Amino acid sequence: MTTTVSAYAADSATTPLTKTTIERRDVGPHDVAFDIKFAGICHSDIHTVRGEWGPAKYPLVPGHEIAGIVTEVGPEVTKFKVGDRVGVGCFVDSCRECAQCRAGEEQYCDNPGMIGTYNAIGRDGKPTQGGYSTAIVVDENYVLRIPESIGLDQAAPLLCAGITTYSPLRHWKAGEGSRVAVIGLGGLGHLAVKLAAAMGAEVTVLSQSLKKMEDGLRLGAEEYYATADADTFTKLAGRFDLIINTVSANLNLSDYLGLLKVNGTLVELGMPENPMTVPAGSLIFGRRSISGSLIGGIAETQEMLDFCAEHDVTPEIEVIEASYVNEAYERVLSSDVRYRFVIDASTI
Ligand code: NAP
Ligand code: ZN
Ligand code: ZN
(Lines give C-alpha, C1' and ligand atoms only; values in the text may rest on other atoms or scores of the structure.)
(Ligands and ions follow the chains in the order given, each with its own letter.)
Protein backbone atom coordinates (compact mmCIF):
# COMPACT_ATOMS: atom_id res chain seq x y z
CA MET A 1 0.00 0.00 0.00
CA THR A 2 1.20 3.45 -0.85
CA THR A 3 -0.15 6.99 -0.92
CA THR A 4 -0.44 8.96 -4.15
CA VAL A 5 0.75 12.57 -3.96
CA SER A 6 1.05 15.42 -6.48
CA ALA A 7 4.51 16.43 -7.67
CA TYR A 8 6.52 18.24 -10.33
CA ALA A 9 8.88 15.95 -12.21
CA ALA A 10 11.36 16.02 -15.08
CA ASP A 11 11.06 13.21 -17.63
CA SER A 12 14.43 13.86 -19.24
CA ALA A 13 17.44 16.20 -19.16
CA THR A 14 15.98 18.38 -21.89
CA THR A 15 12.26 18.65 -21.10
CA PRO A 16 10.61 21.06 -18.66
CA LEU A 17 9.25 19.88 -15.31
CA THR A 18 5.56 19.00 -15.46
CA LYS A 19 2.85 18.14 -12.96
CA THR A 20 2.41 14.46 -12.18
CA THR A 21 1.72 12.08 -9.29
CA ILE A 22 4.10 9.82 -7.36
CA GLU A 23 3.70 7.15 -4.70
CA ARG A 24 4.93 7.54 -1.11
CA ARG A 25 5.53 4.44 1.00
CA ASP A 26 3.32 3.59 3.94
CA VAL A 27 4.52 4.88 7.28
CA GLY A 28 6.85 2.25 8.77
CA PRO A 29 7.61 1.84 12.49
CA HIS A 30 10.39 4.48 12.47
CA ASP A 31 8.91 6.78 9.83
CA VAL A 32 7.56 10.29 9.97
CA ALA A 33 5.06 11.39 7.29
CA PHE A 34 4.60 15.08 6.69
CA ASP A 35 2.71 17.47 4.47
CA ILE A 36 5.22 19.56 2.56
CA LYS A 37 4.46 23.26 2.87
CA PHE A 38 7.51 24.72 1.11
CA ALA A 39 10.41 23.44 -1.00
CA GLY A 40 13.44 25.52 -1.98
CA ILE A 41 15.02 25.44 -5.43
CA CYS A 42 18.73 24.66 -5.17
CA HIS A 43 21.08 25.02 -8.13
CA SER A 44 21.92 21.33 -7.53
CA ASP A 45 18.33 20.49 -8.55
CA ILE A 46 19.08 22.05 -11.93
CA HIS A 47 22.50 20.37 -12.33
CA THR A 48 20.87 17.01 -11.53
CA VAL A 49 17.74 17.37 -13.63
CA ARG A 50 19.78 18.44 -16.64
CA GLY A 51 22.19 15.51 -16.33
CA GLU A 52 25.20 17.77 -15.68
CA TRP A 53 26.47 15.40 -12.97
CA GLY A 54 25.84 12.28 -15.03
CA PRO A 55 22.66 10.54 -16.16
CA ALA A 56 19.76 11.01 -13.74
CA LYS A 57 16.95 8.59 -12.87
CA TYR A 58 13.81 9.82 -14.65
CA PRO A 59 11.08 10.60 -13.94
CA LEU A 60 12.80 12.75 -11.31
CA VAL A 61 11.13 14.90 -8.65
CA PRO A 62 13.82 17.30 -7.40
CA GLY A 63 13.84 19.23 -4.12
CA HIS A 64 16.03 18.78 -1.04
CA GLU A 65 15.08 21.86 0.94
CA ILE A 66 11.82 20.65 2.39
CA ALA A 67 9.74 22.01 5.27
CA GLY A 68 6.32 20.96 6.49
CA ILE A 69 4.04 19.65 9.26
CA VAL A 70 3.94 16.09 10.58
CA THR A 71 0.72 14.21 9.76
CA GLU A 72 1.54 10.71 10.99
CA VAL A 73 4.31 8.90 12.89
CA GLY A 74 5.17 5.21 13.12
CA PRO A 75 4.69 3.34 16.42
CA GLU A 76 8.41 3.33 17.26
CA VAL A 77 8.97 7.04 16.58
CA THR A 78 10.18 8.93 19.66
CA LYS A 79 11.44 12.27 18.37
CA PHE A 80 8.36 13.68 16.59
CA LYS A 81 4.60 13.83 16.92
CA VAL A 82 1.69 14.88 14.71
CA GLY A 83 1.67 18.68 14.22
CA ASP A 84 5.43 19.18 14.63
CA ARG A 85 7.23 21.58 12.27
CA VAL A 86 9.90 19.58 10.50
CA GLY A 87 12.31 19.57 7.60
CA VAL A 88 14.36 17.28 5.40
CA GLY A 89 17.55 18.18 3.58
CA CYS A 90 19.71 16.45 1.00
CA PHE A 91 19.63 12.88 2.28
CA VAL A 92 17.01 10.56 3.76
CA ASP A 93 19.14 7.64 4.90
CA SER A 94 22.69 6.26 5.19
CA CYS A 95 24.26 3.00 6.42
CA ARG A 96 24.26 4.11 10.10
CA GLU A 97 27.26 1.83 10.79
CA CYS A 98 30.38 3.26 9.13
CA ALA A 99 32.78 5.55 11.01
CA GLN A 100 31.28 8.66 9.37
CA CYS A 101 27.69 7.72 10.20
CA ARG A 102 28.68 6.96 13.78
CA ALA A 103 30.45 10.31 13.98
CA GLY A 104 27.29 12.09 12.84
CA GLU A 105 28.73 12.95 9.43
CA GLU A 106 26.25 10.87 7.47
CA GLN A 107 26.83 12.98 4.37
CA TYR A 108 30.23 11.27 4.04
CA CYS A 109 28.87 7.74 4.61
CA ASP A 110 31.10 5.36 2.65
CA ASN A 111 28.99 2.24 2.85
CA PRO A 112 28.11 2.84 0.04
CA GLY A 113 27.07 6.46 0.59
CA MET A 114 24.24 8.64 1.84
CA ILE A 115 20.89 8.05 0.19
CA GLY A 116 19.92 11.25 -1.57
CA THR A 117 16.48 12.75 -1.06
CA TYR A 118 15.99 12.32 -4.82
CA ASN A 119 17.81 10.59 -7.68
CA ALA A 120 18.87 7.70 -5.40
CA ILE A 121 17.58 4.26 -4.46
CA GLY A 122 16.03 3.98 -1.00
CA ARG A 123 16.26 1.05 1.43
CA ASP A 124 13.02 -0.27 -0.06
CA GLY A 125 14.75 -0.61 -3.45
CA LYS A 126 12.63 2.16 -5.00
CA PRO A 127 13.86 5.49 -6.43
CA THR A 128 13.72 8.36 -3.93
CA GLN A 129 11.73 11.42 -4.97
CA GLY A 130 12.20 14.92 -3.58
CA GLY A 131 10.36 17.90 -2.24
CA TYR A 132 8.57 19.41 -5.24
CA SER A 133 5.59 17.41 -3.99
CA THR A 134 2.85 17.59 -1.39
CA ALA A 135 3.94 14.96 1.14
CA ILE A 136 6.91 12.73 2.03
CA VAL A 137 7.74 9.81 4.34
CA VAL A 138 11.21 9.75 5.96
CA ASP A 139 12.88 7.80 8.77
CA GLU A 140 12.81 9.94 11.92
CA ASN A 141 16.60 9.92 12.21
CA TYR A 142 16.85 11.98 9.03
CA VAL A 143 14.21 14.56 9.95
CA LEU A 144 15.05 17.97 11.46
CA ARG A 145 13.08 20.08 13.88
CA ILE A 146 12.31 23.63 12.71
CA PRO A 147 12.58 26.20 15.54
CA GLU A 148 9.31 28.07 16.26
CA SER A 149 10.72 31.47 15.33
CA ILE A 150 11.61 30.45 11.76
CA GLY A 151 8.80 30.44 9.19
CA LEU A 152 8.51 27.20 7.21
CA ASP A 153 9.08 29.11 3.95
CA GLN A 154 12.31 30.54 5.34
CA ALA A 155 13.38 27.27 6.91
CA ALA A 156 13.35 25.40 3.60
CA PRO A 157 16.54 26.95 2.10
CA LEU A 158 18.41 26.44 5.36
CA LEU A 159 18.17 22.68 4.86
CA CYS A 160 20.65 22.72 2.00
CA ALA A 161 22.01 26.24 1.37
CA GLY A 162 22.17 26.94 5.12
CA ILE A 163 23.97 23.81 6.26
CA THR A 164 26.25 23.74 3.21
CA THR A 165 27.67 27.13 4.16
CA TYR A 166 27.46 26.71 7.95
CA SER A 167 29.51 23.51 8.02
CA PRO A 168 32.72 24.81 6.34
CA LEU A 169 32.51 28.11 8.25
CA ARG A 170 32.56 26.08 11.48
CA HIS A 171 35.13 23.55 10.26
CA TRP A 172 37.59 26.30 9.27
CA LYS A 173 36.70 28.29 12.40
CA ALA A 174 35.32 31.50 10.91
CA GLY A 175 34.76 33.99 13.71
CA GLU A 176 36.11 37.07 15.48
CA GLY A 177 39.37 38.11 13.87
CA SER A 178 39.04 36.04 10.71
CA ARG A 179 38.57 37.38 7.22
CA VAL A 180 36.20 35.43 5.01
CA ALA A 181 35.46 36.02 1.32
CA VAL A 182 32.34 34.60 -0.32
CA ILE A 183 32.42 34.15 -4.10
CA GLY A 184 28.97 34.40 -5.71
CA LEU A 185 25.95 36.07 -4.10
CA GLY A 186 23.27 33.49 -4.90
CA GLY A 187 21.35 31.03 -2.73
CA LEU A 188 24.38 29.62 -0.92
CA GLY A 189 26.38 32.83 -1.09
CA HIS A 190 23.87 35.11 0.58
CA LEU A 191 23.50 32.67 3.49
CA ALA A 192 27.29 32.31 3.74
CA VAL A 193 27.49 36.09 4.18
CA LYS A 194 24.80 36.16 6.86
CA LEU A 195 26.18 33.16 8.75
CA ALA A 196 29.83 34.27 8.65
CA ALA A 197 28.82 37.74 9.84
CA ALA A 198 26.72 36.21 12.64
CA MET A 199 29.78 34.17 13.69
CA GLY A 200 31.74 37.42 13.99
CA ALA A 201 33.96 37.17 10.91
CA GLU A 202 34.81 40.10 8.65
CA VAL A 203 33.08 39.27 5.37
CA THR A 204 33.83 40.35 1.79
CA VAL A 205 31.66 39.48 -1.21
CA LEU A 206 33.28 38.73 -4.55
CA SER A 207 30.51 38.99 -7.13
CA GLN A 208 30.70 39.24 -10.90
CA SER A 209 29.50 42.86 -10.81
CA LEU A 210 28.51 45.51 -8.28
CA LYS A 211 24.79 45.11 -9.12
CA LYS A 212 23.93 43.49 -5.79
CA MET A 213 26.35 45.53 -3.65
CA GLU A 214 23.68 47.23 -1.55
CA ASP A 215 22.17 43.83 -0.71
CA GLY A 216 25.54 42.30 0.12
CA LEU A 217 26.36 45.06 2.60
CA ARG A 218 22.88 44.86 4.13
CA LEU A 219 23.30 41.09 4.58
CA GLY A 220 26.40 41.68 6.69
CA ALA A 221 29.39 42.06 4.38
CA GLU A 222 31.85 44.83 5.15
CA GLU A 223 33.23 44.99 1.62
CA TYR A 224 32.01 44.08 -1.85
CA TYR A 225 34.08 43.76 -5.01
CA ALA A 226 33.42 42.96 -8.67
CA THR A 227 35.48 40.09 -10.02
CA ALA A 228 35.02 41.48 -13.55
CA ASP A 229 37.41 44.26 -12.46
CA ALA A 230 41.00 42.98 -12.66
CA ASP A 231 42.08 45.51 -9.98
CA THR A 232 40.09 43.52 -7.41
CA PHE A 233 42.70 40.77 -7.55
CA THR A 234 45.64 43.13 -6.95
CA LYS A 235 43.87 45.12 -4.24
CA LEU A 236 42.86 42.05 -2.22
CA ALA A 237 46.02 39.94 -2.69
CA GLY A 238 46.91 37.93 0.44
CA ARG A 239 43.87 39.19 2.36
CA PHE A 240 41.70 36.22 3.43
CA ASP A 241 41.92 33.31 5.88
CA LEU A 242 39.08 31.52 4.16
CA ILE A 243 37.37 31.78 0.79
CA ILE A 244 34.01 30.09 0.29
CA ASN A 245 33.40 29.47 -3.41
CA THR A 246 29.69 29.03 -4.14
CA VAL A 247 29.91 29.54 -7.90
CA SER A 248 28.17 26.94 -10.03
CA ALA A 249 30.44 27.60 -13.05
CA ASN A 250 34.17 27.16 -13.64
CA LEU A 251 36.40 29.95 -12.34
CA ASN A 252 40.08 30.62 -12.80
CA LEU A 253 40.99 29.37 -9.32
CA SER A 254 44.58 30.57 -9.36
CA ASP A 255 43.33 34.20 -9.40
CA TYR A 256 41.36 33.50 -6.24
CA LEU A 257 44.08 31.49 -4.49
CA GLY A 258 46.24 34.62 -4.68
CA LEU A 259 43.73 36.34 -2.38
CA LEU A 260 44.46 33.92 0.47
CA LYS A 261 46.87 34.60 3.30
CA VAL A 262 49.70 32.13 3.89
CA ASN A 263 48.05 28.89 5.11
CA GLY A 264 44.66 30.07 3.87
CA THR A 265 42.02 27.73 2.44
CA LEU A 266 39.64 28.03 -0.46
CA VAL A 267 36.63 25.77 -0.01
CA GLU A 268 34.74 24.58 -3.09
CA LEU A 269 31.00 24.36 -2.55
CA GLY A 270 29.91 24.93 -6.14
CA MET A 271 30.15 21.85 -8.31
CA PRO A 272 30.54 22.90 -11.94
CA GLU A 273 30.12 20.36 -14.69
CA ASN A 274 33.78 20.46 -15.82
CA PRO A 275 37.07 20.00 -13.91
CA MET A 276 39.10 23.04 -12.93
CA THR A 277 42.82 23.46 -13.47
CA VAL A 278 45.08 24.72 -10.70
CA PRO A 279 48.73 25.67 -11.22
CA ALA A 280 50.75 23.98 -8.44
CA GLY A 281 52.59 27.23 -7.73
CA SER A 282 49.42 28.93 -6.54
CA LEU A 283 49.24 26.35 -3.73
CA ILE A 284 52.97 25.97 -3.02
CA PHE A 285 53.76 29.67 -2.59
CA GLY A 286 51.94 30.39 0.63
CA ARG A 287 51.12 26.77 1.62
CA ARG A 288 47.57 27.43 0.50
CA SER A 289 44.89 24.73 0.30
CA ILE A 290 41.87 23.96 -1.76
CA SER A 291 39.23 21.83 -0.10
CA GLY A 292 35.64 20.89 -0.68
CA SER A 293 32.72 20.44 1.68
CA LEU A 294 29.46 18.54 1.29
CA ILE A 295 26.31 19.79 3.08
CA GLY A 296 26.48 18.67 6.76
CA GLY A 297 25.39 15.82 9.05
CA ILE A 298 22.03 15.61 10.79
CA ALA A 299 23.32 16.80 14.18
CA GLU A 300 25.13 19.75 12.62
CA THR A 301 22.06 20.62 10.53
CA GLN A 302 20.00 20.81 13.73
CA GLU A 303 22.75 22.92 15.33
CA MET A 304 22.63 25.26 12.29
CA LEU A 305 18.82 25.63 12.52
CA ASP A 306 19.10 26.46 16.22
CA PHE A 307 21.96 28.90 15.50
CA CYS A 308 19.81 30.63 12.85
CA ALA A 309 16.92 30.94 15.31
CA GLU A 310 19.22 32.37 17.99
CA HIS A 311 21.00 34.83 15.67
CA ASP A 312 17.99 35.71 13.54
CA VAL A 313 19.56 34.39 10.34
CA THR A 314 17.00 33.67 7.64
CA PRO A 315 17.28 33.55 3.88
CA GLU A 316 15.86 36.16 1.51
CA ILE A 317 13.31 34.30 -0.55
CA GLU A 318 10.89 34.67 -3.42
CA VAL A 319 7.93 32.35 -2.88
CA ILE A 320 6.57 31.05 -6.19
CA GLU A 321 3.73 28.89 -7.47
CA ALA A 322 4.82 25.47 -8.64
CA SER A 323 3.83 26.22 -12.24
CA TYR A 324 6.58 28.90 -12.32
CA VAL A 325 9.35 26.36 -11.65
CA ASN A 326 10.75 26.21 -15.19
CA GLU A 327 11.00 30.00 -15.41
CA ALA A 328 12.57 30.05 -11.96
CA TYR A 329 15.24 27.62 -13.22
CA GLU A 330 16.10 30.01 -16.07
CA ARG A 331 16.33 32.90 -13.64
CA VAL A 332 18.68 30.94 -11.35
CA LEU A 333 20.85 30.15 -14.38
CA SER A 334 21.11 33.83 -15.25
CA SER A 335 21.98 34.81 -11.63
CA ASP A 336 18.61 36.56 -11.40
CA VAL A 337 17.50 35.26 -8.02
CA ARG A 338 17.09 37.30 -4.82
CA TYR A 339 18.17 35.00 -3.26
CA ARG A 340 16.30 31.69 -3.19
CA PHE A 341 13.15 30.57 -4.95
CA VAL A 342 10.82 28.63 -2.68
CA ILE A 343 7.86 26.69 -4.06
CA ASP A 344 4.58 27.03 -2.17
CA ALA A 345 3.61 23.35 -2.12
CA SER A 346 -0.10 24.17 -1.82
CA THR A 347 0.09 25.16 -5.52
CA ILE A 348 1.40 21.77 -6.69
P1 NAP B 1 22.95 30.08 -7.34
O2 NAP B 1 21.86 30.61 -6.50
O3 NAP B 1 22.77 30.01 -8.80
O4 NAP B 1 24.26 30.94 -6.99
C5 NAP B 1 25.46 30.82 -7.70
C6 NAP B 1 26.10 32.21 -7.82
O7 NAP B 1 27.35 32.05 -8.50
C8 NAP B 1 25.32 33.18 -8.69
O9 NAP B 1 24.35 33.88 -7.98
C10 NAP B 1 26.41 34.12 -9.18
O11 NAP B 1 26.71 35.09 -8.19
C12 NAP B 1 27.62 33.19 -9.29
N13 NAP B 1 27.83 32.77 -10.68
C14 NAP B 1 26.99 32.06 -11.48
N15 NAP B 1 27.52 31.85 -12.68
C16 NAP B 1 28.76 32.41 -12.66
C17 NAP B 1 29.82 32.53 -13.59
N18 NAP B 1 29.70 32.03 -14.83
N19 NAP B 1 30.95 33.16 -13.21
C20 NAP B 1 31.07 33.68 -11.98
N21 NAP B 1 30.09 33.61 -11.03
C22 NAP B 1 28.95 32.99 -11.38
O23 NAP B 1 23.34 28.61 -6.91
P24 NAP B 1 23.32 27.92 -5.46
O25 NAP B 1 22.04 27.20 -5.28
O26 NAP B 1 23.80 28.88 -4.46
O27 NAP B 1 24.42 26.77 -5.68
C28 NAP B 1 25.76 27.11 -6.01
C29 NAP B 1 26.57 25.89 -6.34
O30 NAP B 1 26.75 25.11 -5.15
C31 NAP B 1 25.94 24.93 -7.36
O32 NAP B 1 26.98 24.40 -8.19
C33 NAP B 1 25.34 23.83 -6.49
O34 NAP B 1 25.19 22.61 -7.16
C35 NAP B 1 26.39 23.75 -5.42
N36 NAP B 1 25.94 23.15 -4.15
C37 NAP B 1 26.85 22.41 -3.47
C38 NAP B 1 26.53 21.89 -2.23
C39 NAP B 1 27.56 21.15 -1.44
O40 NAP B 1 27.20 20.38 -0.55
N41 NAP B 1 28.83 21.39 -1.68
C42 NAP B 1 25.24 22.07 -1.72
C43 NAP B 1 24.34 22.86 -2.43
C44 NAP B 1 24.69 23.40 -3.64
P45 NAP B 1 27.02 36.63 -8.56
O46 NAP B 1 25.84 37.07 -9.39
O47 NAP B 1 27.13 37.28 -7.25
O48 NAP B 1 28.31 36.65 -9.32
ZN1 ZN C 1 21.13 21.85 -2.54
ZN1 ZN D 1 27.58 5.11 6.76
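Mean residue ellipticity at 222 nm, helices only, the chain: -6000 deg cm²/dmol; runs of at least 4 DSSP H residues each add -39,500 (n - 2.57), and the sum is divided by the number of residues. Relative to the dominant Cα principal axis of the chain, helix 187-198 is inclined by about 70°. Normalised by 2.2 N^0.38 Å, where N is the number of residues, the C-alpha radius of gyration of the chain stands at 0.97.
Summing charges over neighbours of Gly51, with a neighbour being any other residue whose Cβ is under 13 Å away from its Cβ, gives -2 when K and R count +1 and D and E count -1. Going toward the positive end of the dipole of the stretch 223-348, with +1 on Lys and Arg Cβ and -1 on Asp and Glu Cβ, which of Ile295, Tyr225, Leu257 do you reach last? The listed residue farthest towards the positive side: Leu257.
Annotation for the stretch 201-302: GluC sites (Glu not before Pro) lying in DSSP loop with at most 15 further Cβ atoms inside 10 Å of their Cβ are Glu222, Glu273. Think of a 1.4 Å ball rolled over the protein heavy atoms: the stretch 162-292 then has 43 Å² of accessible area per residue.
May I ask which residue of Leu60, Val193, Ser12 lies farthest towards the positive end of the charge dipole of the chain, with charges of +1 (Lys, Arg) and -1 (Asp, Glu) on Cβ and the Cα centre as origin? Positive-end residue among those listed: Val193. Mean separation of Cα pairs under 8 Å and 6 or more residues apart, divided by the residue count, gives the stretch 162-292 a relative contact order of 21 percent.
Applying both filters, DSSP loop and at most 12 other Cβ atoms within 10 Å, to the GluC sites (Glu not before Pro) of the stretch 42-127 gives Glu76, Glu97.
Springs between Cα atoms under 10 Å define the GNM used for the chain, and in it the highest mean-square fluctuation of Lys81, Lys235, Lys37 occurs at Lys235. Protein heavy-atom surface of the stretch 162-292, 1.4 angstrom probe: 51% of the accessible area is carbon and sulfur, with nucleic acids and ligands not counted. Taking a quarter of the surface of the Cα convex hull of the stretch 162-292 gives a mean projected area of 7.1 nm². Where both bridge residues fall in the chain, DSSP classifies roughly 55% of the beta bridges as antiparallel.
The values are calculated or read from the model by the stated rules, or taken from the named source; none is laboratory data. Given the structure is predicted, the values throughout are model-derived calculations rather than measurements. No Cβ is skipped: glycine too gets one built from the backbone with ideal geometry, and neighbour counts run over all protein chains shown. These area figures cover heavy atoms from the full protein model, side chains too; ligands, DNA and RNA do not enter into them. Shrake-Rupley method; radii C 1.70, N 1.55, O 1.52, S 1.80 Å.
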